[in-house]
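Following this message is one structure expressed as structure tokens.
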Amino acid sequence: MRDRLKTVLLARDALSDVPCDDLARGLNAICKHLRFTSHPEPVDLGKAPIANPLTYRFVAPLTKPLLVDHSLVLIATELPYDNNYFWDSDDEVAIISFWGWSFLTNLPKTNGLVGFLGRILAQELDPSARHDTNTGCVYDFLWDKRGIDAALRSGAMCRECFGRVRAQADREHARRLRLFDCTMAQSLEDLMVIADEVSQASKREIDILARWQTKAGVPQDFDVFLCYNSDDRASVRELFRGLQQRGLTPWFDEEYLRPGIPWQRELEATIPRIRAAAVVVGPHGQGPWQQVELEAFLREFVSRGCPVIPVFLKDAGGTPELPLFLRAFTWVDFRKTEPDPWGRLVWGVTGVRPDQRCVPP
Ligand SMILES: [Zn+2]
């Protein structure tokens, strides 16, 4: 049984240098509903020009298993399409070609990738829409590929297309999309944000990543995920501050979960960027693994080979019985002062013994 939302996976081949990781992070920060992750390694698309269905069949052994967790796999490449398209798709896989990009526009490929993502989303909202001439609308077919420059700068839907898609999204607002794991209404809301971001960056001729980096709130990588029973929140906040003071970046839901966003989805997008998990047991005794969803997240850390550290806070009562999957891990006990629990916790998270670690003054 699977109850988690599927994410859009951003990937590239070895020829492309599009920073998928940064783009996924930035997109997660601007989108309210859609969630993005990045593929860790370059994808092999072969050496020949991209052809549909040939290349899509070639890459299927890799992409098929990915579609269990992802609703759409987007692959950026420098290889040309045999028909000179920018992009094409086969079911849940879309390959985007940046071949000859610098002859068409001086805008960064990062802006281009986010722009194409918007176009794929627009096409799923209304598969029948298409302008055969270049109008600057996301529904331009771009027979003349030079139109991409103006399209990225305008970033928008024309009035006619917006009216039609808006009406359709109102009529079928709860209908879920296939390539994006959310509803029509949610997709349209995020599409407007994506299109606006592409336009804002492209009009100023700046990299969309630079635009996002200057905006507050784009999260970074985290050292440790704090998993706890919500009754112990006050004590966990102290632990969070203590870790910060020791130069670590802990992930604490109170700090990083935006209100109004389902936390499972936000957390799922963040988890690949967290290096360890601390399972906190506080005065309320019950372990956080008693919540089914949290247990699933902890299992994910275990399966990724990340350290999972049971932590007993100083005001924790008796030692609860750890679930089987946590019993192999050494715990850190703040109820004792020897050995120094802070040193042990930092060691567990970073893998560096405290006496070998340079702590900034
Ligand atoms: Zn239009």
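The values are calculated or read from the model by the stated rules, or taken from the named source; none is laboratory data. Because the structure is a prediction, the values reported are computed rather than measured. Neighbour counts are summed over all protein chains in view; Cβ atoms, including those assigned to glycine, are modelled from backbone coordinates with ideal geometry.
Based on this model, can you work out whether Arg204 counts as under 22 Å from Val73 (Cα atoms) and without any contact (Cβ under 8 Å) to a residue 40 or more places away in the chain? Steps first, please.
Numbers: under 22 Å from Val73 (Cα atoms): no; without any contact (Cβ under 8 Å) to a residue 40 or more places away in the chain: yes.
It is false that Arg204 is under 22 Å from Val73 (Cα atoms) and without any contact (Cβ under 8 Å) to a residue 40 or more places away in the chain.
So, Thr77, is that one touching a helix residue (DSSP H, G or I) at 6+ places or on another chain (Cβ under 7 Å) and touching a residue at least 40 places away in the same chain (Cβ under 8 Å) or not?
Values: touching a helix residue (DSSP H, G or I) at 6+ places or on another chain (Cβ under 7 Å): no; touching a residue at least 40 places away in the same chain (Cβ under 8 Å): yes.
The answer is no for Thr77.
Assuming Gly155 fulfils every condition listed in (1) closer than 15 Å to Ile30 by Cβ; (2) within 16 Å of the ligand (Cβ to nearest atom); (3) without any contact (Cβ under 8 Å) to a residue 12 or more places away in the chain apart from one, which condition is it?
(3)
Here is a follow-up. For the subset of region 137-157 comprising residues that are of a type in the set (Gly, Ala, Ser) and modelled with pLDDT of 90 or more, which member is nearest to the chain's Cα centre (by Cα)?
Ala151
Evaluate the following for Trp143: is it more than 16 Å from the ligand (Cβ to nearest atom), of a type in the set (Phe, Trp, Tyr) and surrounded by fewer than 22 Cβ atoms within 10 Å (Cβ to Cβ)? Working first, answer last.
On the way: more than 16 Å from the ligand (Cβ to nearest atom): no; of a type in the set (Phe, Trp, Tyr): yes; surrounded by fewer than 22 Cβ atoms within 10 Å (Cβ to Cβ): yes.
Against the criterion (more than 16 Å from the ligand (Cβ to nearest atom), of a type in the set (Phe, Trp, Tyr) and surrounded by fewer than 22 Cβ atoms within 10 Å (Cβ to Cβ)), Trp143 does not qualify.
Give just the number: which of (1) within 16 Å of the ligand (Cβ to nearest atom); (2) closer than 30 Å to Phe301 by Cα; (3) not acidic (Asp, Glu) does Trp212 not satisfy?
Checking Trp212 against (1) within 16 Å of the ligand (Cβ to nearest atom); (2) closer than 30 Å to Phe301 by Cα; (3) not acidic (Asp, Glu), the one that fails is (1).
Rundown of residues vs (1) farther than 14 Å from Ile120 by Cβ; (2) at pLDDT below 95; (3) surrounded by fewer than 20 Cβ atoms within 10 Å (Cβ to Cβ); (4) in the same structural domain as Asp140 (by TED's automatic domain parsing), yes/no style:
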site	(1), (2), (3), (4)
Asp21	yes, yes, yes, yes
Arg35	yes, yes, no, yes
Asp44	yes, no, yes, yes
Val59	yes, no, no, yes
Leu67	yes, yes, yes, yes
His70	no, yes, no, yes
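Quick test for you: out of Asp170, Asp190, pick the one residue that is surrounded by 14 or more Cβ atoms within 10 Å (Cβ to Cβ) and either at positive phi or of a type outside the set (A, V, I, L, M) (or both).
Only one candidate passes the filter, namely Asp190.
If you go through region 158-193 one residue at a time, how many are within 16 Å of the ligand (Cβ to nearest atom) and within 22 Å of the chain's Cα centre (by Cα)? Spell out how you get there, then give the answer.
Kept after step one, since they are within 16 Å of the ligand (Cβ to nearest atom), are these residues of region 158-193: 158-169, 188, 191-192.
With the extra rule that they be within 22 Å of the chain's Cα centre (by Cα), the set shrinks to 188, 191-192.
Residues that pass the stated criteria total 3.
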